[in-house]
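The next block holds one structure in the form of structure tokens; read it before the comments.
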């Protein structure tokens, strides 16, 4: 039986978000200081009537102002997809620290209170994997089956592989075969499908 946690956990650190915005604020401030300096130079040169120098400084001011605008507009865009679901962030941390009993209880509460959404599917998958690690395959099965119903979710291939394993190890070879075919047909180039082929063939060879 495969061990629990074969996947990388995403860690969301709020300090990274703050550092991200602080870097942009500093860069924008630096550019504004350069603009002020150039404008002072421009004023001085204008008084000396050096037209070539004036044009050069005007263009540099325009270019720097354009950079300021681009940075100011880009900064908030980078943070749109940050997960702000504190409950799920805490659950991921529990799993990372191998606090599986606490994670199991937290996942059960989360699933009961969240009837839809991507994080519900993730919670179902995590809880199913905890059950697998405890040898409770029949309790894990409905968790993975619900994930599979969401055809576009990123964890669907992994959930299908878990179901193949559960069916095979509980003597449901026909279901295992059908689920395996569904996985390798729908996701032929995925790393999960490649792993499934190796694992499934080893089961066939051992019989």
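The values are calculated or read from the model by the stated rules, or taken from the named source; none is laboratory data. Remember, it's a predicted structure, so these values are computed and weren't measured experimentally. Counting neighbours? That spans all protein chains shown, and the Cβs are built from the backbone with ideal geometry, glycine included.
Criterion first (touching a helix residue (DSSP H, G or I) at 6+ places or on another chain (Cβ under 9 Å), within 21 Å of residue 150 (Cβ to Cβ) and either at pLDDT below 60 or in the same structural domain as residue 151 (by TED's automatic domain parsing) (or both)) does residue 118 satisfy it?
Working: touching a helix residue (DSSP H, G or I) at 6+ places or on another chain (Cβ under 9 Å): no; within 21 Å of residue 150 (Cβ to Cβ): yes; either at pLDDT below 60 or in the same structural domain as residue 151 (by TED's automatic domain parsing) (or both): yes.
Considered against the rule, which asks whether it is touching a helix residue (DSSP H, G or I) at 6+ places or on another chain (Cβ under 9 Å), within 21 Å of residue 150 (Cβ to Cβ) and either at pLDDT below 60 or in the same structural domain as residue 151 (by TED's automatic domain parsing) (or both), residue 118 comes out as no.
Which of the following residues is at pLDDT 95 or above and more than 25 Å from residue 86 (Cβ to Cβ): 166, 130? Don't jump to the end; show me each part of the working.
Numbers: 130 fails: more than 25 Å from residue 86 (Cβ to Cβ).
It is 166.
Quickly run through the range 171-194 and pick out the residues that are within 23 Å of residue 118 (Cβ to Cβ) and surrounded by 12 or more Cβ atoms within 10 Å (Cβ to Cβ).
Within the range 171-194, 179, 182, 183, 186, 187, 190, 192, 193 qualify.
Modelled with pLDDT under 95, touching a helix residue (DSSP H, G or I) at 6+ places or on another chain (Cβ under 8 Å) and over 21 Å from residue 86 (Cα atoms): does that describe residue 137? Before the answer, list the steps.
Numbers: modelled with pLDDT under 95: no; touching a helix residue (DSSP H, G or I) at 6+ places or on another chain (Cβ under 8 Å): yes; over 21 Å from residue 86 (Cα atoms): yes.
Judged against the criteria, residue 137 is not a match.
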